[in-house]
């Protein structure tokens, strides 16, 4: 099985091999990639690794409980990721498309809410800024994202 | 008098100037909020923490009234931004 956290570029093919099977006729792939907003050149991702792995295991188990015929896996990349490269890939394969889309969507939404992962934007002029998805103003130069 | 390890991540680690510390809390009914109060007393930079940061105990996210026990690992988590 692939590691859920990696510092290397994500291989979607490897994730596909984990969950696809002759009985699963629908496969949904979600890729989250680094955007170039506001002259961002890269994002540095960090995590509370041990907790993130446990949370990923729980999220995938919940998806399996809800879509028992589906195979779902994911990989989150950490470290400095340049614009255009994937920070996360989620692959869900199921007998039919509804379950594949449903499981894939469930997992990315849960990841966004629950995974202890943080990102720091690196800008073209060399400045950096922590990303706060809540948009609340907090000391330290956070961006509303 | 539980001894717990407190870990800081991402922006909080930068604010604290360290990635972890050890604190001792006063009694056996101590909570994460008590740990947070000890951190504010003992770690320079802790004044910049928000009033109610996200927290985890032993790798599970918890509320600030969750109990802590001897040897627990408490983590203070900036707003999550994975994916």
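The values are calculated or read from the model by the stated rules, or taken from the named source; none is laboratory data. Quantities reported herein were computed from a predicted structural model and do not represent experimental measurements. Note: ideal-geometry Cβ built from the backbone for every residue, glycine included; neighbour counts use all protein chains shown.
Structure summary
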{"item": "So residue B:76, is it modelled with pLDDT of 95 or more and either in a helix (DSSP H, G or I) or farther than 16 Å from residue A:117 by Cβ (or both)", "result": "no"}
{"item": "Single residue of A:33, A:27, A:6 found to be modelled with pLDDT of 95 or more and buried (at least 17 other Cβ atoms within 10 Å of the Cβ)", "result": "A:27"}
{"item": "Residue check, residue B:40 part of a loop (DSSP other than H, G, I, E, B) and under 11 Å from the mean Cα position of the chain (by Cα)", "result": "no"}
{"item": "Members of region B:1-21 found to be under 26 Å from residue A:117 (Cβ atoms) and more than 10 Å from the chain's Cα centre (by Cα), listed by number", "result": "B:9, B:10, B:11, B:12, B:13, B:14, B:15, B:16, B:17, B:18, B:19"}
{"item": "Any hit, region B:61-70, residues being surrounded by fewer than 21 Cβ atoms within 10 Å (Cβ to Cβ) and within 14 Å of chain A (Cβ to nearest Cβ)", "result": "yes"}
{"item": "Single condition residue B:13 does not satisfy, out of (1) surrounded by fewer than 19 Cβ atoms within 10 Å (Cβ to Cβ); (2) within 14 Å of another protein chain (Cβ to nearest Cβ); (3) in a loop (DSSP other than H, G, I, E, B)", "result": "(3)"}
{"item": "Elements of type strands (runs of 3 or more DSSP E) contained in region A:53-130, each with 3 or more residues being in contact (Cβ under 8 Å) with a residue 60 or more places away in the chain, crowded, with 17+ Cβ neighbours inside 10 Å and touching a strand residue (DSSP E or B) at 6+ places or on another chain (Cβ under 7 Å)", "result": "A:71-77, A:86-94, A:117-123"}
{"item": "Number of the condition not met by residue B:36 [criteria: (1) out of contact with any strand residue (DSSP E or B) (no Cβ under 6 Å at 6 or more places or on another chain); (2) modelled with pLDDT of 95 or more; (3) within 12 Å of another protein chain (Cβ to nearest Cβ); (4) surrounded by 15 or more Cβ atoms within 10 Å (Cβ to Cβ)]", "result": "(3)"}
